[in-house]
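Please read the structure below before turning to the comments.
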Amino acid sequence: MATTLASSVETSRRPGGRGWLTILIFLPPALLLFTIFVAMPMGEAAWYSFYNWNGYGRPENFIGLKNYASLIGNHAFTQALLNNFLIIAVSLAIQLPLALGVALIVSKKIRGAVAFRMIFFLPYILADVAAGLIWRFVYDGDYGLVSGMTSLIGAQPVFLLADKNWAFSAVLVVIVWKYFGFHMMLYVAGLQSLDKALLEAAEIDGANAVQRFRHITLPLLGPMIRLSIFFSVVGALQLFDMIVPLTGGGPFDTTNTMVSYLYFFGITRMRVGFGSAVGVVLFLFCVTFALGYRRFFMRDD
Amino acid sequence: MIFRKLALASLGAALGATVAFADTTIRVLHVNDNTAAVDLWNKIARDFEAQNKGVKVDIQYLENEAFKAKLPTLLQSEERPSIIYSWGGGVMRAQAKAGFLDDITAEAAPWANTLSATAAKAFQVDGKTVGIPFETGEVGFFYNKKLMDKAGVKAEDIKSWDDFLAAVKKIKAAGITPLVVGAGEKWPIHFYYSYLVMRIGGASALADAAAGKNGGFKGAPFVEAGVRLRELAALEPFQAGYIGTTHTQAEGMFGDGKGAMELMGEWLLDSQASNAADGKGQPIDNIGLLSFPLVPGGKGVATDILGGINGWLVTKNAPKEATAFLKFFSQDKYQRQVAAKGYYIPVVSGTETAIQNPVVKQIANQLAASTYHQNFFDQDLGPSVGRVVNDISAAVAAGEMKPEAAAAAIQDAWDQQ
Amino acid sequence: MTRWFSQRPRGGLASLAQFAVLVIIAGIVLVPLVATVLGGFKELGDLRANPFGLPKVWVWRNYWDILSGVRYWQMLGNSLVIALLTVFLTLALSSMAAFTFAHLHFFGERFLLSYMLLGLLFPAATAILPLFIKIRDLGLLNSHWGIVLPQTAFALGMGILLLRNAFKQLPGELLDSALMDGCGYFRYFFYITLPLSTPILATVAVIAFVSSWNNYLLPLVVLNSENRYPWTLGLMAYQGEYSTAWQLVLAFITLTILPAIVMFVMAQKYIVAGLTAGAVKG
């Protein structure tokens, strides 16, 4: 995204007659579709968010900032927001090191490295809904694997997804399970493009494995780590598909994310104005992050 | 070239251009998972088609939770079904107000008197008929006779809330799960809250609160109902993990004999069998029905009944034949079959005499003798407030929310809508 | 020589430990998947007593009933139609737009490009309610176009970004000489740009296909009739109907994720390259 907009002018040229024709035929379809389905809805979300509207007829009941005000201090929404940050925290503190560690191992000439890479990447290609349902089974207190394990040691069956203290941790496990393989692949790609000679030179100079990792591998992997962070945050902000089959946001709205909150409280109750306000808040988070990321992380790329 | 045209044409069809199989198609959307009853509905549809050339009746099923989540968006579509399943109440009134329902007063008037008057009235909005009821029912404690015996509890002796709590303790002490409930979907546990409100505040407690009387939803009945529900839940009477259980799972547990009682509507008689692990569930002679106990000092009486009156709504721009189909559907000969087979309790007057099933008969008799029939709270209060009542019922039971805060939350939602 | 050199410090023990770590993680990754596949072969009672092991009796009927019904094939067909249309439209629209942005200079070019790239900043979910209203007002509710068009619109940003960068890297002399020879932009686009850019077009196609195939929120909001459901919605509907029969749900999950796994195994190189390259270059 942060690529240069104005570089390589040499291949661009002033359009002559034929050039204008090309522009007039090539550009409008994309422009039109984008305007109708991306730009306008976002603008309309801002507009609707000032109304109390159930979607029938036109929005008429203007209520100013009331929709936003009712979000502040709203228990379920605050929880959803907090959950989004928890996902980000776990992605950075657990998933990222795990993915990096595994990537370091599987990019060596170790037996079955390619097979391992594929196995770790496998959950990533499953749809979130399918992954969510599979884990709903794993966590099921009556039929699932977790209860199967506890009963092996003679303990009571556990209902993780029905326990408000554990349900979200259980969701976090699924997220790491599904996504660490993708981040691992990013690092593998990064490691492959590393200059091996540099590492070998360091080794000859007597640097040990830890020193080589800290002073050579890690800095050179910088761009990939930043990318991995970017995808963790963006993925966390839009997480929804997995929540529905796993917990439906319950118990007691402890496992909602912002998007699932938007769905359960905005769409299924057809509170268009209120839901739009949630959308706008989410939009602000996304844009702030994306622009901030560009400014602070991508400066030197 | 021809091939390409063909490909485009089939693509168009696949993309959902409506293909006309018949001149008129009546699409009926319902949530009934009793397959035997739906088989009969399909037979009625075929009979109707045979008598009305060029009309096709397409009966479609959507799972309960999906149906409720989908309905708000579904009605906005140009391709909305002609006839939809409904629990009446505030949800229906909101749909009528939004202009999604047809006024069928004139078409229904000639034969409306064949239906029970209470039921017919439940499908009117501002005096206009917008739907046709077909079923009435009751929510009560269905119990497993053998398990109650095993625990040494006599269901007939449970009259008051204290009797009930004592029974729960006794059953639990016998190592049996006293109550199964599908609180994961919340509405099953809102039956407890609803009945408690009715028993404490009297039959019309809900209507009074909606009218702003007695402190509205923040009034004493709503707070005390929460206190009582928590009092019950504190005994840990429900199956492990009840907060995540779905209603079908809970019904299956009752069918499997894993719990002594379940507070549920009459459909449990069928669904406990279809959701049981062996597909058979409890035999009917092992199932008893207990009315919700009385709360000491409360205004309610045992004959105030919570239950559904379910019916069909005709949607805006539905084909004219839709109402004709509902008339055809409501014929005595079909509804008598429904009664005889015990699928549900039909609202066509006189058909109740055909009921064979002893428990269904008991329900029909209680309904006939009822002093008040209260619709499900979550349906009566409309889509957004109804969901709040469901949410707080689960939260209060689990001790997640104080009864006062729960009552205030209902009032807030009511004020906001 | 270098090979021997770089392997020398890795002791047998350390390498064994690393291998063991990989095996354990692979186990954690695979156990839920294997249990799902096996669970589909069990009776409900068997599943309860023995969630991990092999089925006592292999019940092929669970799978066979699904495979011999219409429902499963219809869902996959719907998903395929939606995904292919999305891929086609995304490739067509974004390559045309990217071509203009890459080779033609005009007033407002930068502004328009930045405008189109705005879509990269936020997911469709943020505007899902107004999007629903828009799709409704256009009469596209309950139709596949109601999914394909918004999906394409949201995929355009990524497509244009990736393709524009790739088109610019094609040697400029090619275009100069082509224009000199009287070859117009159109012919240049169709006969030179597109054929020379197949790898990046494939990347864009893979990304668009996978995200369409797995999309859940948009179809959930747009579609009502079950015969138009893609597999993601169909799976949830099936689970709702058979929530007490886990063995059937597990068989259904297995069969619905099967196409993705088969595609992945057959074309893993391209898929991994496509998804990670898309991420890296985006």
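Any read-out appearing in this document is the output of simple, stated calculations on the displayed coordinates, not a laboratory observation. Source: prediction; values computed, not measured. Note: ideal-geometry Cβ built from the backbone for every residue, glycine included; neighbour counts use all protein chains shown.
By how many degrees, between 0 and 90 and to the nearest 10, does the Cα long axis of helix C:145-169 differ from the longest principal axis of chain C?
60
With r as the distance between the Cβ atoms of C:VAL70 and B:LYS333 and R0 = 25 Å, compute the FRET efficiency 1/(1 + (r/R0)^6) and round to 0.05. Spell out each step's value before the answer.
On the way: r = 33 Å, r/R0 = 1.32.
E(calc), rounded to 0.05, equals 0.15.
Which translational diffusion coefficient, to the nearest whole µm²/s, is obtained for the stretch C:137-247 from the Stokes-Einstein equation, given a Kirkwood hydrodynamic radius over C-alpha pairs, 37 °C and 0.692 mPa s? List each step's numbers first, then the result.
Details: Rh = 17.2 Å.
Taking Rh from Cα pairs, D becomes 191 µm²/s.
Could you tell me the extents of the stretch C:232-282's C-alpha atoms along the three principal axes, largest first, rounded to whole Å?
Its Cα atoms span 45, 23, 13 Å along the three principal axes.
Starting with the fewest neighbours, write out A:HIS75, C:HIS144 ranked by other beta-carbon atoms found within 10 Å of each beta-carbon. Could you put the intermediate results ahead of the total?
Values: A:HIS75 13, C:HIS144 22.
By the 10 Å Cβ count, ascending, the order reads A:HIS75, C:HIS144.
Using only the alpha carbons, work out the radius of gyration and Dmax of the stretch A:6-153 in angstrom.
26.0, 80
Over chain A, with a Gaussian network built from C-alpha contacts below 10 Å, which listed residue (A:LYS164, A:LYS109, A:LYS66) shows the highest mean-square fluctuation?
A:LYS109
Over the stretch A:89-148, one equal point on each Cα, no solvent: what is log10 I(q)/I(0) by the Debye formula at q = 0.14, 0.29 Å⁻¹?
-0.60, -1.03
State, to one decimal in nm, how far the label point of C:ALA20 lies from the label point of C:LEU196, with both points 7 Å from Cα in the Cβ direction.
5.5
What is the ratio of the Cα radius of gyration of the stretch B:183-332 to 2.2 N^0.38 Å, where N is its residue count, to two decimals?
Details: Rg = 18.9 Å, N = 150, 2.2 N^0.38 = 14.8 Å.
In units of the 2.2 N^0.38 Å rule of thumb, it is 1.28.
Report relative contact order for chain B in percent, whole number only (criteria: Cα-Cα under 8 Å, sequence separation at least 6). List each step's numbers first, then the result.
Details: 750 pairs, mean separation 101.5, N = 417.
Over chain B, the number comes to 24 percent.
Can you list, bin by bin at 10 Å, the percent of alpha carbon pairs in the stretch C:111-186, starting at 0?
15, 32, 26, 16, 11, 0
Plugging the Kirkwood radius over Cα pairs into Stokes-Einstein for the stretch C:5-89, at a temperature of 37 °C and a viscosity of 0.692 mPa s, what D comes out in µm²/s? Please report the intermediate quantities before stating the final value.
Values: Rh = 17.2 Å.
Translational diffusion coefficient: 191 µm²/s.
Could you run the Karplus curve 6.51 cos²θ - 1.76 cosθ + 1.60 with θ = phi - 60° over the stretch B:404-417 and give me ³J(HN,Hα) per residue in whole Hz, x for Gly and Pro?
5, 5, 5, 4, 5, 5, 5, 4, 4, 5, 5, 5, 7, 6
Rg (Å, one decimal) plus Dmax (Å, integer) for the alpha carbons of chain C?
When restricted to Cα atoms, chain C yields Rg and Dmax of 24.3, 77 Å.
Would you mind computing the Rg to Rh ratio of the protein assembly as shown from its alpha-carbon coordinates, Kirkwood style for Rh?
On the way: Rg = 30.8 Å, Rh = 30.9 Å.
Rg divided by Rh gives 1.00.
If the viscosity is 1.567 mPa s and the temperature 4 °C, what translational diffusion coefficient in µm²/s does Stokes-Einstein give for the stretch A:245-301 when Rh comes from Kirkwood over Cα pairs?
Numbers: Rh = 13.0 Å.
After rounding, the answer is 100 µm²/s.
Based on DSSP H runs of at least 4 residues, each adding -39500 (n - 2.57), what is the mean residue ellipticity at 222 nm of the protein assembly as shown after dividing by all its residues, to the nearest 500 deg cm²/dmol? Present the calculation step by step, with values, prior to reporting the outcome.
Values: 50 runs with 584 residues, N = 1000.
So the helix-based figure for the protein assembly as shown works out to -18000 deg cm²/dmol.
Using only Cα atoms, what is the ratio of the radius of gyration of the stretch B:293-412 to 2.2 N^0.38 Å?
Values: Rg = 19.0 Å, N = 120, 2.2 N^0.38 = 13.6 Å.
Ratio of Cα Rg to 2.2 N^0.38 Å: 1.40.
Counting only complete DSSP H runs, which helices of chain A cover 24 Å or more along their long axis at the Cα atoms and score a mean Kyte-Doolittle of -1.0 or above?
Values: long enough: A:167-192 (38 Å, 1.49); A:272-297 (36 Å, 1.61).
Membrane-span-like by this criterion, though nothing is claimed about a membrane: A:167-192, A:272-297.
Only Cα pairs under 8 Å and at least 6 apart count here; give the relative contact order of the stretch C:69-281 as a rounded whole percent.
Details: 185 pairs, mean separation 73.1, N = 213.
About 34 percent, as a whole number.
What number in nm² do you get for the stretch B:269-355 if you take the convex hull of its Cα atoms and divide its surface by four?
Details: hull surface 38.5 nm².
Across all orientations, the stretch B:269-355 yields a mean hull projection of 9.6 nm².
Taking N as the number of residues in the stretch B:256-299, what value does Rg over Cα atoms divided by 2.2 N^0.38 Å take? Could the numbers behind the result be given before it?
Details: Rg = 13.3 Å, N = 44, 2.2 N^0.38 = 9.3 Å.
Ratio of Cα Rg to 2.2 N^0.38 Å: 1.43.
What are the ³J(HN,Hα) values, in whole Hz, obtained from phi via the Karplus relation 6.51 cos²θ - 1.76 cosθ + 1.60 with θ = phi - 60°, for each residue of the stretch B:222-235 in sequence order, with x given for Gly and Pro?
My calculation for the stretch B:222-235 gives 6, 6, 5, 4, x, 4, 5, 4, 5, 4, 5, 5, 5, 6 Hz in order.
How much of the calculated P(r) for the stretch A:189-293 lies past 24 Å, in percent of all Cα pairs?
Counting pairs separated by more than 24 Å, the tail of P(r) holds 50 percent.
When only C-alpha pairs under 8 Å and at least 6 residues apart count, what is the relative contact order of the stretch A:30-83, in percent? Don't jump to the answer; show the numbers that get you there.
Values: 29 pairs, mean separation 11.4, N = 54.
Worked out over the stretch A:30-83, it gives 21 percent.
Restricting everything to alpha-carbon atoms, can you work out Rg to Rh for chain B with a Kirkwood hydrodynamic radius? Could the numbers behind the result be given before it?
On the way: Rg = 22.4 Å, Rh = 22.5 Å.
Value, to two decimals: 1.00.
Starting from the Cα coordinates of the stretch B:105-186, work out the convex hull volume and express it per residue in Å³. Mind dumping the intermediate values first?
Working: hull volume 13.7 nm³, N = 82.
Spelled out: Cα convex hull of the stretch B:105-186, divided by residues, is 167 Å³.
Express in % the proportion of alpha carbon pairs of the stretch A:66-297 at distances exceeding 24 Å. If you can, show how the numbers build up before the last one.
Working: 14644 of 26796 pairs.
Here the long-distance tail beyond 24 Å is 55 percent of all Cα pairs in the stretch A:66-297.
With the Cα gyration tensor of the stretch B:364-411 in hand, give its eigenvalues times 5 under a square root as the equivalent ellipsoid semi-axes, listed largest first in whole angstrom. Intermediate results must be reported in sequence, preceding the final value.
Values: eigenvalues 142, 34, 16 Å².
So the three semi-axes of the stretch B:364-411 are 27, 13, 9 Å.
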